[in-house]
Amino acid sequence: MIAQKATAKKHWKLLLGDKNFAMQAGYQEQLLKLIVLIAIPVLLGFAIFNAAFDFQSLAIIQFVLAVLLVPIMLSCCFRQIFSIHVLETIILCTGIVAFQSLIIFEGYANGGIYWVSIFPFLAFFTVGLYKGWPWVLVYLIIGIGIVCLSKFDIINIAYTLDELSMFLTNFLFYTLIAAVFAGIREKQQFELNNINKQLSQTQKHLALANKKLVQQVHERTTELSTETQKHKATHIALENKEKQFHQAQKMESIGTLVGGIAHDFNNMLSGINANVFMIKQNCKDNPNIQKKLAAIEQLVFYASDMIQQLLTFARKDNVELKRFNATPFFAEAYKLAELSIPETIKVKEKFISEPLYINGSSTQLQQVVMNLINNARDALLDTTNPIIQIQLEHLPFDKVLTSTHPEMKDTDYIRLSVRDNGSGIKDSKLKHIFEPFFTTKDTGQGTGLGLAMCYGAIQSHKGFMDVQSDVGKGTTFSIYLPVQQKQKQSPKSQEVSSPEQGHGELILIVDDDEALRESNAEVLEVLGYKTLQASNGLEAVQAFEQYQADIRLVFMDIMMPVMGGSEAGQHIHSIQADIPILFTTGYDKDKTLDGRHPLPKGEHILAKPFSIEQLIEAIQQHLKPSV
């Protein structure tokens, strides 16, 4: 029932029209223009024919109507003077006059009465079905009124009553046909409007969806860009970490290598030093030999410092820095390094005389100067007119300089520059120049450690190092060291008097190196002590158990096979708690006490190589409490 009622209502609207229906303004304007353009020539045509056949009244009416429609046509075509509603009214009124005049006046093709039935089509297609019905009703009432007036002989009409009856039947039939066509047209137009509205809404939704999609794409693109940047940053960080890891592996390899060499090397240096002391004791009356032996002793400790420097470089240990005047030091260091420069190379040096104090390690800085000058020398092998320029200068704090060297602190610096006019270094190699094992020299001509050691040494002095190079022009290496404020010189301490000789005290010497053990025993016996020897910790414990009552001091190495010095010392102290033990080691003493070899509380280490004076002083300090 509901569906049937809806259908009936739909058909009812189909015949009577829908008041909510409205044709699009552009379409309506085009339709009115078309009607006017057709109506003017049709009216003029009928007017001409009616005038030709002497139907003057009808011809005049049709001509006047055609003329009245001309300004309307011009308004539609060029400039719209009238509104759509006014145009509709004018057109329909013109139609009423034109078609009703056919009833009153005879004329060409009358037959003209049958044209009267066209008006419903004009009304419905001009203003629509809903608004057209009143116009059709008005048109019908006027027609009936004309017939009634003719009955009372007020006016005369050109047709009989039977013809008018036929006219009315045709009019009603064509009105129904016009209503059906107009209803179908409006229904299609209405559905088309709905489809257009739906399309318009869909278009809006698509526009909103597109806008949202564009926004999502933009947001996602931004997120991806951010993620890409993070990925790049992470990738760079991982590459840096990987480089640092490889760098650490290289340094660990160097540390392992140097640490293994250091023990045996320091043992040999200690043995050499002990034998030098014995030779000095036997040649006291020969000053030339004494001088040579003193030089050997200095070389021994210089070699020991170099081993310590390698350990420091490899393990990044803290360096023991001392305050000294850098100006004469670098001048002397240059003189020593100058011996390696051939006469074919011209050297230009410029050193300031102003006293400038730094905290530094003379051994490390001497090696830095040596490496820089040797590098400059090697860079000039194939150079015409080779020149090395060495300059030492004082750099007061300068903000302009800190912009190029942000690592500079708010203090004065001393700068040592070594420049050569060799072939220079390419940019691709320059950025790796301070890396361990990297070298610009040919295979077999460089280890790649010299500049890396220099870089690490200067950093340990809280300074920095840089390089500038132009391919084909040469290279300049510069080191920067912070200048210390001047301090008042403390008076020199008086020379320490010669240590006392031994008085026959028995000392247990424990070392796995037989040559060094024998040399130390011979030195101590010359100095007035008695000695007892053991090659490892287990033998030391057994010897101490046997000679406990006579032994006054244990002089023992830490790192030994079978049983180490630390464990042996614990056993000896468990036997006699107050026995003094003087430990010694050829390894880096700071790394020896890393938790794996703890020493008894209050014990100290004498690092190899040591001078005889240091040994005697340490022995006397350990023996005094028990004397």
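The values are calculated or read from the model by the stated rules, or taken from the named source; none is laboratory data. If you're wondering where the values come from, they're calculated on a predicted model, not measured in any experiment. Cβ coordinates were reconstructed from backbone atoms using ideal geometry, including for glycine residues, and neighbour counts include every protein chain displayed. Calculation scope for accessible area: heavy atoms of the full protein, side chains included, ligands and nucleic acids excluded. Shrake-Rupley method; radii C 1.70, N 1.55, O 1.52, S 1.80 Å.
Largest to smallest in accessible area, the residues Thr222, Thr475 fall in the order Thr222, Thr475 (1.4 Å probe, all protein chains included).
Taking a Cβ cut-off of under 12 Å around Ala274, the surrounding Lys, Arg, Asp and Glu residues balance to a net charge of -3, with basic ones at +1 and acidic ones at -1. In this simple spin-label model, placing a label point 7 Å from the Cα along the Cα-to-Cβ direction at both Asn325 and Leu149 gives a separation of 14.2 nm.
Can you pick out the pairs among Lys348/Lys409; Lys346/Lys473; Lys284/Lys530 whose Cα atoms lie more than 21 Å from each other? Correct reply: Lys348/Lys409; Lys284/Lys530.
With Cβ to Cβ distances under 15 Å as the rule, what net charge do the other residues near Glu349 carry (K, R +1; D, E -1)? Once all neighbours under 15 Å are counted, the net charge is +3.
Can you give the FRET efficiency for Thr89 and Val214, using 1/(1 + (r/R0)^6), R0 = 41 Å, r = Cβ-Cβ distance, to the nearest 0.05?
Working: r = 50 Å, r/R0 = 1.22.
Approximately 0.25, to the nearest 0.05.
Under the simplified labelling scheme, the Phe245-Glu545 pair shows an inter-label distance of 5.1 nm, with each label point 7 Å from Cα along Cα→Cβ.
So if each residue of separation counts as 0.36 nm, and I subtract the Cα-Cα distance between Phe397 and Ile345, what length gain in nm does that give? Write out the running numbers ahead of the final one.
Working: separation 52, 0.36 × 52 = 18.72 nm, distance 3.44 nm.
Length gained between Phe397 and Ile345: 15.3 nm.
Taking all protein chains as shown and a probe of 1.4 angstrom, Lys241 keeps an accessible surface of around 130 Å². Ranking Asp557, Asp382, Asp162 by solvent-accessible area of protein heavy atoms (1.4 Å probe, all protein chains present), from largest to smallest, gives Asp382, Asp162, Asp557.
Of the residues Thr384, Thr585, ranked by 1.4 Å probe accessible area with the largest first, the sequence reads Thr384, Thr585. Per residue, the accessible area of segment 167-215 comes to 74 Å², computed with a 1.4 Å probe over protein heavy atoms only.
Please label the shape of segment 81-229 as rounded, prolate or oblate, based on the square roots a ≥ b ≥ c of the eigenvalues of the alpha-carbon gyration tensor (a/c under 1.5 means rounded; beyond that, a/b larger than b/c means prolate, else oblate).
Details: a/c = 5.84, a/b = 4.19, b/c = 1.39.
Here segment 81-229 falls in the prolate category.
Using Cα pairs closer than 8 Å and at least 6 residues apart in sequence, work out the relative contact order for segment 120-214, in percent. Display every interim value, and only then the final one.
Working: 34 pairs, mean separation 33.9, N = 95.
Computed over segment 120-214, the figure is 36 percent.
Counting heavy atoms of the protein chains alone, Ile142 has an accessible area of about 60 Å² for a 1.4 Å probe. A straight chain from Ile184 to Met166 at 0.36 nm per residue would run longer than the Cα-Cα distance by 3.8 nm. Summary of the geometry: segment 32-71 and segment 145-208, compared by the centres of their Cα atoms, lie 23 Å apart. Approximating the spin labels as points 7 Å out from Cα along Cα→Cβ, the Asp378-to-Ala295 distance works out to 2.8 nm. For the pair Ser353 and His573 in one chain, pulling the backbone fully straight at 0.36 nm per residue adds 73.5 nm over the alpha carbon distance.
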